[in-house]
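See below for the structure under consideration.
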Amino acid sequence: AEAFTPTDWGLLATTAAIFGSSFLFMEIGLRSLAPPVVTLARLGLGATTIWLVPRTRRTRLAPADARRAAAIGVVWMGIPLMLFPYAQQWIDSSVAGMINGSMPLWTVLWTAVLARELPRRAQAVGLAIGFVGIVLVSLPELPMGGLGEPRAALGVGLALLAAFLYGLSATLVTPLQQRYGSLAVMFRAQLGGLAVVLPFAVVGLRDSTFTWPSLLAMLPLGVLGSAVAFVAVATLIGRVGAPRGAISIYFVPVVAIVLGVVVLGEDVHPLALGGTALVILGAWATSRREVRA
């Protein structure tokens, strides 16, 4: 219930900046690599990066908790990180980003079901305002009339399932993170995700060609997108709770817009500017201290 500290805001900014650029690197990788191969590469690089941190190797999880962490990796990384690359073959990245932005709402639902806890009033209002902002940010980029096609509908369904699983994972990881910290838990989670992805990636190698741009895109996607970002978001969730920590996802499309303006010289639609303001307002409302009546 306490207000966000500067550390919490720093974790939120790190998570949003890295996840916001991940869709770009994913798109480059998919130009020549099959979706499971992209997922295998990012998880393998992510797990290796976390393992190189000495504290990861010093922390020992109880056997039951190690199995739980691996299971979280299946539903947080193994399945969703394959679903989004498949979905992005049939829907635009703006649609995928908007659906991904529903994760905090799914987190509220799962927290209510599993932890018997609802967000406090101001925090709930902040989450709702932020999601309206996500919709406004994405609206100018949505393809007109293209989502009625069967493959587009399948892409939307896969992205929704991934966001649904993200919400579940954020709820489940909270007690483990608070008990052991993020590094050891995320390392074992990524190993669990790798175990699920590996068979699909072996099959996907037949549909992949290896080009330097796609291979190089895997480095930031793995080291930053699968190591630093997941450790940061797990730490934030452990500090402030799953629904509040998940608001970092609201900033992902905002980061994508900033990258488009700065790197590609793109124009910004007025709706996107209004949506960005609502995202910031929603995050501020969610971050404030609130005492239960």
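The values are calculated or read from the model by the stated rules, or taken from the named source; none is laboratory data. As the structure is a prediction and not an experimental result, all values here were calculated from the model. Cβ atoms come from the backbone with ideal geometry, glycine included; neighbour counts cover every protein chain shown. The protein model used for the area step is the full one, side chains on, heavy atoms only, and it has no ligands, DNA or RNA in it. Shrake-Rupley method; radii C 1.70, N 1.55, O 1.52, S 1.80 Å.
Taking the range 229-256, which residues are buried (at least 24 other Cβ atoms within 10 Å of the Cβ) and of a type outside the set (A, V, I, L, M, F, W, C)? Pro243, Arg244, Gly245, Ser248, Tyr250, Pro253, listed by residue number.
Residues checked against (1) closer than 29 Å to Glu117 by Cβ; (2) in contact (Cβ under 8 Å) with a residue 40 or more places away in the chain; (3) buried (at least 23 other Cβ atoms within 10 Å of the Cβ):
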| residue | (1), (2), (3) |
| --- | --- |
| Leu183 | yes, yes, no |
| Arg188 | yes, yes, yes |
| Gly193 | yes, yes, yes |
| Ser214 | no, yes, no |
| Ala227 | no, yes, yes |
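For the range 201-253, the candidate set comprises residues that are aromatic (Phe, Trp, Tyr) and under 21 Å from the mean Cα position of the chain (by Cα); within that set, the residue that is modelled with the highest pLDDT is Phe230.
Conditions (1) modelled with pLDDT under 80; (2) open to solvent by less than 20 Å² (accessible area, probe 1.4 Å), marked per residue:
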site	(1), (2)
Asp92	yes, no
Gly97	yes, yes
Gly101	yes, yes
Trp106	no, no
Glu141	yes, no
Leu161	no, no
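State yes or no: is Leu52 over 20 Å from Ile79 (Cα atoms), open to solvent by 60 Å² or more (accessible area, probe 1.4 Å) and either modelled with pLDDT of 95 or more or not basic (Lys, Arg) (or both)? The answer is yes for Leu52. Taking the conditions (1) open to solvent by 10 Å² or more (accessible area, probe 1.4 Å); (2) more than 22 Å from Leu183 (Cβ to Cβ) in turn, Pro36 satisfies each one other than (1). In this structure, does Gly46 turn out to be at pLDDT 95 or above, surrounded by 21 or more Cβ atoms within 10 Å (Cβ to Cβ) and closer than 14 Å to Phe230 by Cα? Criteria met by Gly46.
A quick yes/no check of all residues on (1) free of Cβ contacts under 8 Å to residues at least 12 places away in the same chain; (2) closer than 16 Å to Leu221 by Cα; (3) touching a His at 6+ places or on another chain (Cβ under 9 Å):
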| position | (1), (2), (3) |
| --- | --- |
| Pro54 | yes, no, no |
| Arg68 | no, no, no |
| Met77 | no, yes, no |
| Phe84 | no, yes, no |
| Val95 | no, no, no |
| Met103 | no, no, no |
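Considering only residues in the range 263-293 that are out of contact with any Asp or Glu (no Cβ under 9 Å at 6 or more places or on another chain), at pLDDT below 75 and in a helix (DSSP H, G or I), the one that is most open to solvent (accessible area, probe 1.4 Å) turns out to be Leu264. Restricted to helices (runs of 4 or more DSSP H) entirely inside the range 1-114, those with at least 3 residues that are in contact with a Phe, Trp or Tyr (Cβ under 8 Å, 6 or more places away or on another chain) are 6-29, 35-51, 93-100, 103-114.
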